[in-house]
Amino acid sequence: MYEALYHSLVDTLPLCLLRKNLDGEYTFLNKRWCEFFCVEPDELLGKTDFDVFPPELAKVYRDGDMQVINTGEVYEDVEEITLPSGETRHISVIKSPVRGADHSVRGVQIIFQDVTEELRLAADLKRSEQRLQALLENTSAVVYIKDAAGKYLLVNREYEKLFSVSNEEVLGRSDYDIFPRDIA
């Protein structure tokens, strides 16, 4: 009963899960992991990263495994991988020790999820912010943005020059905090 419950849980997780023994042999792969790599579990059980990935990548994975095995501590990273299709993806990886009843490390459990889209969106946002910043710094127009309560969220250099104020003096404040009431 407990084994069925375990498999039901790990096969429905929205995460990829893999377990390896101390020799780096795959001892468990959940359904999501197999779907991600387009393989069947029986194709990989008993194999190692060196059977599945290019040697330089397999070495990186094994080094991470050994860090967990030797220290007993959790390892986290974002790694770039190449799928069998040739597509490059980025995954957020958490490796943790698998312990036996005597608390000794018996292997490594790896949980990961694909964060490629999130990283792409973050990079797109950063580029957009850089373009906005360049525009604000190089325009001769006075530009400012306020929130619904009338508090300044952004002012450009032209605004600072026109009103002889610094960004720090303005952000988070309203016109009533900065100017005399009759002008505000």
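The values are calculated or read from the model by the stated rules, or taken from the named source; none is laboratory data. This is a predicted model, so every value here is computed, not measured. Note: ideal-geometry Cβ built from the backbone for every residue, glycine included; neighbour counts use all protein chains shown. SASA here: full protein model, heavy atoms, side chains in, ligands and nucleic acids out. Shrake-Rupley method; radii C 1.70, N 1.55, O 1.52, S 1.80 Å.
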Cα-based radius of gyration of segment 88-148 once divided by 2.2 N^0.38 Å, which approximates compact folds: 2.15
Given 26-34, 167-175, 129-137, the highest-first ranking by average Cβ count within 10 Å works out to 26-34, 167-175, 129-137
D_trans [Stokes-Einstein, Kirkwood Rh over alpha-carbon pairs] for segment 70-184, 4 °C, 1.567 mPa s, µm² s⁻¹: 68
T116 paired with Q133, simple spin-label distance in nm, labels 7 Å along Cα-to-beta-carbon: 2.9
Pull up all non-local amide H partners of G107: gap of 5 or more, or a different chain, and H-to-H distance under 5 Å with H placed in the peptide plane. V98
In Å, what Rg and Dmax follow from the Cα atoms of segment 1-48? 10.8, 30
On the first, second and third principal axes, largest extent first, how far apart are the outermost C-alpha atoms of segment 52-100 in Å? 36, 20, 16
Under a crude label model (7 Å from the Cα following the beta-carbon direction), how far is E40 from I145 in nanometres? 5.3
Heavy-atom accessible area per residue - segment 78-184, 1.4 Å, Å²: 66
So, with a 1.4 angstrom probe, what is the percent of accessible area on segment 100-184 that is carbon and sulfur? 54
In a Gaussian network model of the chain with springs linking alpha carbons closer than 10 Å, the residue among L15, L153, L45 that fluctuates most is L153
Could you name the lysines in cross-link range of K161, using Cα to Cα under 25 Å and dropping any fewer than eight places away on the same chain? K146, K151
Residues whose modelled amide H sits under 5 Å from the amide H of V115, counting only those 5 or more places away in sequence or on another chain, are H90, I91, S92
For segment 1-133, compute Rh as the Kirkwood radius over C-alpha pairs and then the Stokes-Einstein diffusion coefficient at 4 °C and 1.567 mPa s; write the answer in µm²/s, rounded to an integer. 80
